[in-house]
Structure formats: structure tokens, C-alpha cells
Amino acid sequence: MRIALRVNGVEREADCWEGESLLFALREKLELAGSKNACEQGECGSCSVLLDGVLVCACLVLAAQADGHEVTTVEGLADGDRLHRVQDAFVEAGAVQCGFCTPGLVVAAADLLGRNPDPTDDEMREALSGNLCRCTGYTKIFAAVRLAATDGWG
Ligand code: FES
Ligand code: FES
């Protein structure tokens, strides 16, 4: 089947198998490899994207379900050469080690700050609880989100 969707503000089309995930279509058909594939079971959040503005695991969404809808991936967060404030904050705070979790965490954190510009630590932990990191121990990741939420960023 052929699907048509808007990805990062651009109209795109792809030929997909009916059982194909949105993650597979993004990575393999649309050449957007920012969303990572770490579990394909909805457990790790490395594939987090926004579907019509709602945070989802792209590995759990069928590509066919995105037909006619709008998807934002980590590649769509920056404004040209200007990184999103969450991306800047991850760099500033040193919140990246292997980087496999980073795109999903950046999308989830950007979603959180878009809805709640000044989250408490508990709100931050809850919002990012679906995104697993096996390297950092999360301290610098939460520091980055705090930094991005600080006045003067963005
Ligand atoms: S790859 Fe989608 S949640 Fe892990
Ligand atoms: S930096 Fe390696 S999994 Fe998070």
C-alpha cells in the first residue's frame, strides 16, 4: 500500500507492507534514521516521535496508521541550523554517552516542555519514564531538561 503523510513539515509518500511499523517506514523508506530501533516492543522509547502532536513509540504504530497524518521526528526539532533548546541543553549538560537513547529522550523532553515549560522533578521523571538509558544514570539527562526549562533558553 502507498501512504502519504506529512513528516517534519514536508509531504512524503512511501510504499509499505500492511504490517510495517512507522519506525521502519521512517528509517528505511523515508531515510530518517534519527529515530532509533532498540527494542521494537514499546519498552525503550528510543523510537519516540510525535504523531499529530502526541508522543508515541513509532515501533508500535503501523505506517498505515500514519497515512494522512503529521509526524515530527528528532530531525524536525531544529530550526534550520539552530538546534532546539533541548538539543542545546543535552550538549551543554553532557547528557549523551552512546547516544542511542538520545533522539527519543530529546523528542520526549521537547514534548514535555511544550506542554509544561516549568516541570517539577517528579513531572520530568514521569514524562521521561518511558525512555530508557543504559549509560548515563539519568543525572545529566535530567540536568539537561532542567537547563532547557530555565529562562533564557530557546
Ligand atoms: S524501539 Fe520502540 S520502544 Fe524501543
Ligand atoms: S546514552 Fe547510551 S543508552 Fe543513553
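The values are calculated or read from the model by the stated rules, or taken from the named source; none is laboratory data. The structure displayed is predicted, hence computed values, not measured ones. Positions of Cβ are generated from backbone atoms using ideal geometry, with glycine treated the same way; all protein chains shown enter the neighbour counts. For the accessible areas, the whole protein counts, side chains as well, though only heavy atoms, and no ligand, DNA or RNA atoms are used. Shrake-Rupley method; radii C 1.70, N 1.55, O 1.52, S 1.80 Å.
Kindly list the number of the only condition in (1) on the phi < 0 side of the Ramachandran plot; (2) assigned to a loop (DSSP other than H, G, I, E, B); (3) among the charged types (D, E, K, R) that fails for E31.
For E31, the failing item is (1).
Within the range 27-36, take every residue that is touching a residue at least 24 places away in the same chain (Cβ under 8 Å) and open to solvent by less than 30 Å² (accessible area, probe 1.4 Å) and give me the one that is nearest to ligand 1 (Cβ to nearest atom).
Checking each candidate, the answer is S35.
Restricting attention to the range 74-89, does a residue exist that is touching a helix residue (DSSP H, G or I) at 6+ places or on another chain (Cβ under 6 Å) and within 15 Å of ligand 1 (Cβ to nearest atom)?
For the range 74-89, residues touching a helix residue (DSSP H, G or I) at 6+ places or on another chain (Cβ under 6 Å) and within 15 Å of ligand 1 (Cβ to nearest atom): present.
Which residues, counting only those in the range 48-65, are more than 18 Å from L112 (Cβ to Cβ), within 10 Å of ligand 1 (Cβ to nearest atom) and open to solvent by 30 Å² or more (accessible area, probe 1.4 Å)?
Hit for the range 48-65 is L60, nothing else.
Are any of the residues in the range 37-47 in contact (Cβ under 8 Å) with a residue 12 or more places away in the chain, open to solvent by 70 Å² or more (accessible area, probe 1.4 Å), within 16 Å of ligand 1 (Cβ to nearest atom) and among the charged types (D, E, K, R)?
Scanning the range 37-47 turns up at least one residue that is in contact (Cβ under 8 Å) with a residue 12 or more places away in the chain, open to solvent by 70 Å² or more (accessible area, probe 1.4 Å), within 16 Å of ligand 1 (Cβ to nearest atom) and among the charged types (D, E, K, R).
Can you tell me how many residues within the range 87-97 are more than 20 Å from S129 (Cβ to Cβ), out of contact with any Leu (no Cβ under 8 Å at 6 or more places or on another chain) and surrounded by fewer than 17 Cβ atoms within 10 Å (Cβ to Cβ)?
Count: 1.
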